[in-house]
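Chemist: Pasting in a structure now, in structure tokens, and then I'll have a few things to ask.
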Amino acid sequence: VDVFQAWCGPCKPVVNLFQKIRNEVGSDLLHFAVAEVDSTDALEKYRGQCEPVFLFYTGGELVAVVRGADAPLLQKTILEQL
């Protein structure tokens, strides 16, 4: 989940990275979503930050968090979690 604030929008360059990885591993294994923190009470603790936050869930449980648009770290985290 790409967690963002309305004033800066979702991290567009990372969307391309996720699409590339999804094409490589298969669409059934990887799902990508965006969530705007100001309209989602469950994400309140991420408000007021100036960096994107990526939350990784497996079976409804939060399993990893990556702060910032660090493409190599995001790719590594995705592949480890798959």
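Chemist: Looking at the stretch 57-66, can you tell me whether even one residue there is at pLDDT 85 or above, under 11 Å from the mean Cα position of the chain (by Cα) and not β-branched (Val, Ile, Thr)?
Modeler: In the first step, residues of the stretch 57-66 are kept if they are at pLDDT 85 or above; the result is 57-66.
Those left that are additionally under 11 Å from the mean Cα position of the chain (by Cα): 57, 64-66.
This time we only want the ones that are not β-branched (Val, Ile, Thr), so: 57, 64.
Yes, the conditions are met somewhere in the stretch 57-66.
Chemist: Could you check, for the stretch 45-52, whether at least one of its residues is under 14 Å from the mean Cα position of the chain (by Cα) and small (Gly, Ala, Ser)?
Modeler: As a first pass, look at the stretch 45-52 and keep what is under 14 Å from the mean Cα position of the chain (by Cα): 46, 51-52.
Then keep just the ones that are small (Gly, Ala, Ser); that gives none.
Checked the stretch 45-52: no residue is under 14 Å from the mean Cα position of the chain (by Cα) and small (Gly, Ala, Ser).
Chemist: Considering the stretch 19-47 alone, what residues qualify as being touching a residue at least 40 places away in the same chain (Cβ under 8 Å) and out of contact with any strand residue (DSSP E or B) (no Cβ under 8 Å at 6 or more places or on another chain)? First the steps, then the outcome.
Modeler: From the stretch 19-47, those touching a residue at least 40 places away in the same chain (Cβ under 8 Å) are 21, 25, 29-30, 43, 46-47; that's our starting set.
If the condition is that a residue be touching a residue at least 40 places away in the same chain (Cβ under 8 Å) and out of contact with any strand residue (DSSP E or B) (no Cβ under 8 Å at 6 or more places or on another chain), then ILE21, VAL25, LEU29, LEU30, ARG47 are the ones that fit.
Chemist: Would you kindly identify the strands (runs of 3 or more DSSP E) lying entirely within the chain that contain at least 1 residues that are surrounded by 13 or more Cβ atoms within 10 Å (Cβ to Cβ) and in contact with a Pro (Cβ under 6 Å, 6 or more places away or on another chain)?
Modeler: On the way: elements: 2-4, 34-36, 53-58, 61-67.
It comes to 2-4, 34-36.
The values are calculated or read from the model by the stated rules, or taken from the named source; none is laboratory data. Just so it is clear, the model here is predicted, and its values are computed rather than measured. FYI the Cβ positions are ideal-geometry reconstructions off the backbone, even for glycines, and counts take in every protein chain you see.
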